[in-house]
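Single-structure report; data block below.
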Amino acid sequence: MSNTKVGINYFPLDVHLDDKFGLIEAEFGLKGFAIVVKLFQKIYGQQGYYCEWTPEIALLFSREIGAGGNIVSEIVESAIRRGIFDQSMYKNYHILTSNGIQKRYVIACGRKKVVNIEKRYLLFHDAPKYKNVHIIGENVDISEENVYTSAQIKSNEIKLNEIKEKDVKDADEIQSSSVFDFYEQNFGMMPRHIRDCMIAWLDEGMEPDLIIRAMEIAVEHNVRKWSYADKILCEASQKQIHTLAEFEKEKRERNAKRSANAKAPATGAAGEAAKQGGYGTYL
């Protein structure tokens with residue numbers, strides 16, 4: 001049985017949510033909103049893009065979060081009715097998912113080597129455009145000869161992947177150690193919550209060199225706080241920047257734009273926006 005992690009360690013939650021969430025909160029109060037967020041945690045943290053939802057699972061979930069089974073069922077039914085979760089997927093497969101959930105999951109897994117999604121559950125139809133996404137259930141040929149050949153190929157692939165994964169794991173441990181070492185050498189003893197935050201960034205594909213660069217910038221600005229570096233990483237992630245090379249390229253392009261704006265200065269709000277550029281005051 002594979003030990004490969006399927007879920008993700010964090011998921012984005014917009015500051016301004018749409019009316020679907022507002023209606024849930026209007027009907028059930030903050031408890032309704034909180035339970036929907038807990039369901040998101042269950043989805044993203046386990047299967048990544050869906051979770052099974054049966055009466056038994058609902059009962060266990062209710063006990064886990066300390067809420068009554070009836071209120072949880074009512075909130076889930078309302079969330080399905082209002083489109084937070086896809087109605088057809090729940091009706092046909094007894095799962096909770098949506099196009100938005102799947103899109104955010106695929107984007108968050110951009111640095112993973114393989115992301116498996118079952119074809120029958122697929123709602124995010126742009127998913128196959130991502131090179132690391134593998135749609136399970138496509139191009140199936142069950143002839144005996146092909147099954148035998150596929151089994152041989154699969155066996156060889158598994159052996160090769162085991163070797164590669166060991167090499168990658170060893171390299172990742174070395175890189176992770178360098179990130180932790182840099183923090184302790186420049187910021188002091190590392191609290192557990194900061195270590196967990198760094199691991200989350202690494203799991204989401206943030207290059208160790210970029211994490212170190214973010215901390216270097218904090219040191220250069222004499223602000224030896226992880227929150228400063230974390231803000232830089234958050235803003236980089238929002239721009240789909242995950243490597244130091246991408247980060248430096250964006251910086252050069254931004255500086256070139258500033259130089260061009262300086263030759264023809266804008267006024268008012270537009271001028272301030274041009275001066276500000278990316279990453280706020282963090283660069």
Once all protein chains are kept in place, Asp196 shows an accessible area at probe 1.4 Å, nearest 10 Å², of 70
From the cross-link list Lys112/Lys257; Lys231/Lys257; Lys20/Lys249; Lys112/Lys249; Lys38/Lys103, the entries with a Cα-Cα span beyond 27 Å are Lys112/Lys257; Lys20/Lys249
Excluding ligands, DNA and RNA, the carbon-plus-sulfur percentage of the accessible area of the range 72-115 with a 1.4 Å probe reads 45
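At 0.36 nm per residue, minus the direct Cα-Cα distance, what do Lys119 and Val223 gain on full extension? Give it in nm, one decimal, please. Provide the component values of the computation, followed by the final result.
Details: separation 104, 0.36 × 104 = 37.44 nm, distance 4.81 nm.
Difference between extended and current length: 32.6 nm.
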FRET efficiency for Met190 and Asn255 from the Cβ-Cβ distance with R0 = 30 Å, rounded to 0.05, comes out at 0.40
When every protein chain stays in place and a 1.4 Å probe is rolled, His134, His125 sorted by accessible area with the largest first are His125, His134
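On a 1.4 Å probe surface of the protein chains, which of Ser177, Ser98 comes out largest in accessible area, and what is the full order? Please list the in-between numbers first.
Working: Ser177 50, Ser98 15 Å².
Output order, biggest surface exposure first: Ser177, Ser98.
If DNA, RNA and ligands are ignored and the probe is 1.4 Å, what is the ranking of Leu59, Leu210, Leu13 by accessible area, most exposed first?
Working: Leu59 120, Leu210 0, Leu13 80 Å².
From most accessible down to least: Leu59, Leu13, Leu210.
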dims of the range 200-251, Cα set, principal axes, largest to smallest, nearest Å -> 26, 24, 17
Residue separation between Gln240 and Leu60 times 0.36 nm, minus their alpha-carbon distance, gives in nm 61.1 nm
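The values are calculated or read from the model by the stated rules, or taken from the named source; none is laboratory data. Just so it is clear, the model here is predicted, and its values are computed rather than measured. Neighbour counts run over all protein chains shown; Cβ positions are idealised from the backbone, glycine included. Accessible surface is based on the protein model in full, side chains and every heavy atom, while ligands, DNA and RNA are left aside. Shrake-Rupley method; radii C 1.70, N 1.55, O 1.52, S 1.80 Å.
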